[in-house]
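Trainee: Here's a structure for you.
The values are calculated or read from the model by the stated rules, or taken from the named source; none is laboratory data. Here the structure is a predicted model, which is why all the values come from computation and not from measurement. Because the Cβ atoms are built from the backbone with ideal geometry, glycine has one as well, and the counts that use them run over all protein chains shown. What goes into the accessible areas is simple: the full protein's heavy atoms, side chains included, and nothing from ligands, DNA or RNA. Shrake-Rupley method; radii C 1.70, N 1.55, O 1.52, S 1.80 Å.
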Amino acid sequence: MRKILIIFLFIGLITLSGCTSDAPATSGDSTRMIQFSGYSWKVKSNLTPVGPGPNIFSNNTNNVRVDAAGHLHMKITREGNQWACAEIISEKNFGYGNYVFTLKTDPKVLDPEIVLGLFTWDDNPEFFHREIDIEFSQWEIPGNKNAQYVV
């Protein structure tokens, strides 16, 4: 029915180009998969800004990795003047049920320009624009609300 996306991104319009991390540059054609929480996840990657955002997303292990204890680590990294966000997309389509997200980092400490989004989404026209969206952010205003929940 719907795939789950976990995304760590910037808000606002950001115009960036290239991928300048320590690892080789990747493109949207290169797919990196990770195993997390018993499921396969695609790590999003692109060289030109795409949505949401628009942002640059990197599949570099500096941005997305699963440690030996099975914990998912997602980061926004900067190399020179390049910012790269992290997003993973489940390979499995999930149906109705309970979705539980456990965060180790308190969302209150996120930079005011960062959004952490946990949401369901499907590009299938039958399910298009039917999403459950949990977002943690200060929306570029320090001290602003730090969360919104949308159905």
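Trainee: Scan segment 80-125 for residues that are farther than 26 Å from Gly38 by Cα, in a loop (DSSP other than H, G, I, E, B) and of a type in the set (D, E, K, R) and jot them down.
Mentor: Asp111, Glu113, listed by residue number.
Trainee: While we're here: Of all residues in segment 64-88, which are open to solvent by less than 60 Å² (accessible area, probe 1.4 Å) and either under 21 Å from Glu131 (Cβ atoms) or in contact with a Leu (Cβ under 9 Å, 6 or more places away or on another chain) (or both)?
Mentor: Val64, Val66, Leu72, Met74, Ile76, Gln82, Ala84, Cys85, Ala86, Glu87, Ile88 - these are the residues of segment 64-88 that are open to solvent by less than 60 Å² (accessible area, probe 1.4 Å) and either under 21 Å from Glu131 (Cβ atoms) or in contact with a Leu (Cβ under 9 Å, 6 or more places away or on another chain) (or both).
Trainee: What single numbered condition from (1) over 19 Å from Asn146 (Cα atoms); (2) surrounded by fewer than 11 Cβ atoms within 10 Å (Cβ to Cβ); (3) not hydrophobic (A, V, I, L, M, F, W, C) fails to hold for Arg130?
Mentor: With (1) over 19 Å from Asn146 (Cα atoms); (2) surrounded by fewer than 11 Cβ atoms within 10 Å (Cβ to Cβ); (3) not hydrophobic (A, V, I, L, M, F, W, C) applied to Arg130, the lone miss is (2).
Trainee: Sticking with this one: Could you tell me whether Pro24 is at pLDDT below 85, touching a strand residue (DSSP E or B) at 6+ places or on another chain (Cβ under 8 Å) and open to solvent by 40 Å² or more (accessible area, probe 1.4 Å)?
Mentor: Criteria not met by Pro24.
Trainee: Would you mention how many residues in segment 56-80 are polar (S, T, N, Q) and without any contact (Cβ under 8 Å) to a residue 40 or more places away in the chain?
Mentor: Result for segment 56-80: 3.
Trainee: Same structure, new question: When you go through Thr105, Thr120, Thr61 one by one, which is the residue that is exposed (fewer than 15 other Cβ atoms within 10 Å of the Cβ) and of a type in the set (Val, Ile, Thr)?
Mentor: Answer to the selection: Thr105.
Trainee: What do you reckon, is Lys104 farther than 21 Å from Phe127 by Cα and either within 13 Å of the chain's Cα centre (by Cα) or modelled with pLDDT under 85 (or both)?
Mentor: Judged against the criteria, Lys104 is a match.
Trainee: If you don't mind, there's one more thing I want to ask. Could you please tell me which pairs satisfy a Cβ distance under 6 Å, a separation of 6+ or placement on different chains, a first residue in segment 129-142 that is closer than 14 Å to Leu116 by Cα, and a second residue that is acidic (Asp, Glu) and surrounded by 13 or more Cβ atoms within 10 Å (Cβ to Cβ)?
Mentor: Within 6 Å, the pairs are Glu140/Glu113.
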